[in-house]
Amino acid sequence: MLTALINNYLKLLFIMTPFFVLSSFITMTSHMNELEKRQTSLKVTITVLISCLSMFFFGKYIFELFGITLDAFRIGAGSLLFLSAVSLVNGTRKISSNEHENDIAVVPLAIPITVGPGVIGVLMVMGAEPRSALQLLEFLVSLVGATVTIGVMLLSSSWLQKFISEQSISVMQKITGLFVSAIAAQIIFTGVQGFFPGG
């Protein structure tokens with residue numbers, strides 16, 4: 001159980017690209033005081049958790065509504081996640097400089113910076129896969145843990161800025177991209193295997 005919990009936690013944490021989220025948060029809250037930053041980070045955390053749980057629990061109904069097979073969605077979600085990983089490795093994933101400053105917690109910090117198309121796709125796939133009650137509990141604990149970890153990073157952003165340079169964050173983003181690309185490849189491969197079970 002512990003191994004599955006840790007595996008799910010790390011997988012979910014990496015696909016949310018925490019270091020890109022952190023650098024985006026630091027850039028977009030530079031005009032805020034500490035109280036405003038804390039309020040924004042809490043709002044981001046709550047929004048991310050609600051969004052992730054919604055995609056996880058209701059994704060399978062979207063499949064049924066549109067008649068999409070799970071394997072087809074695995075390939076699509078994996079492809080989106082892979083593109084996100086490539087943009088992290090290449091350093092081409094950027095934040096918009098003209099975002100509204102009055103409310104950035106929900107859009108764009110929570111959605112789509114933290115919970116982007118790739119994350120949504122992966123959560124929908126995971127939610128549609130059959131699970132026992134224990135596996136469901138493991139996954140939910142992992143999801144909450146990953147979301148809280150990002151929340152703690154954002155709450156500590158001012159402190160982290162003193163010890164982590166922009167260059168270090170950029171390097172960590174690229175390393176995250178490599179891990180995310182591996183997760184994406186695994187999801188795509190599983191989807192392809194579903195189409196060709198005898199292969």
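The values are calculated or read from the model by the stated rules, or taken from the named source; none is laboratory data. What you are looking at is a predicted structure, and each value in this text was computed from that prediction instead of being measured. Positions of Cβ are generated from backbone atoms using ideal geometry, with glycine treated the same way; all protein chains shown enter the neighbour counts. Heads up: the accessible areas ignore ligands, DNA and RNA and are worked out on the full protein's heavy atoms, side chains in. Shrake-Rupley method; radii C 1.70, N 1.55, O 1.52, S 1.80 Å.
In plain terms, the bigger the Kirkwood radius, the slower the diffusion; for the range 145-199, with that radius from Cα pairs, at 25 °C and 0.890 mPa s, Stokes-Einstein puts D at 176 µm²/s. Based on every Cα atom in the range 1-156, Rg and the maximum pairwise Cα distance Dmax equal 15.9, 48 Å.
Under a Gaussian network description of the chain, with springs only between Cα atoms under 10 Å, the residue in Ser156, Ser30, Ser41 that fluctuates furthest is Ser30.
With a simple spin-label model that places each label point 7 Å from the Cα along the Cα-to-Cβ direction, the separation between Leu160 and Asn7 comes to 2.7 nm. Computed over protein heavy atoms with a 1.4 angstrom probe, the accessible surface ordering of Arg74, Arg93, Arg131, largest first, is Arg131, Arg93, Arg74. Dimensions of the range 1-71 from C-alpha coordinates, computed as largest minus smallest value along each principal axis and given longest first, are 47, 32, 17 Å. Averaged per residue, the chain has 53 square angstrom of accessible surface, using a 1.4 angstrom probe with ligands and nucleic acids left out. Element breakdown for the range 110-198 at a 1.4 angstrom probe: carbon and sulfur atoms account for 71% of the accessible area. Entry note, the range 72-199: relative contact order of 61 percent, from Cα contacts under 8 Å with a spacing of 6+ residues. Among the protein heavy atoms, those of Val119 account for about 10 Å² of accessible surface (1.4 Å probe, every chain in place). Restricting attention to the chain, the count of lysine pairs at 8 or more positions apart or across chains with alpha carbons under 30 Å apart stands at 16. Computed over neighbours whose Cβ is under 15 Å from that of Ile68, the net charge equals -1, Lys and Arg +1, Asp and Glu -1. Per residue of the chain, the DSSP helices (runs of n ≥ 4 H) give a summed -39500 (n - 2.57) that works out to -26000 deg cm²/dmol at 222 nm.
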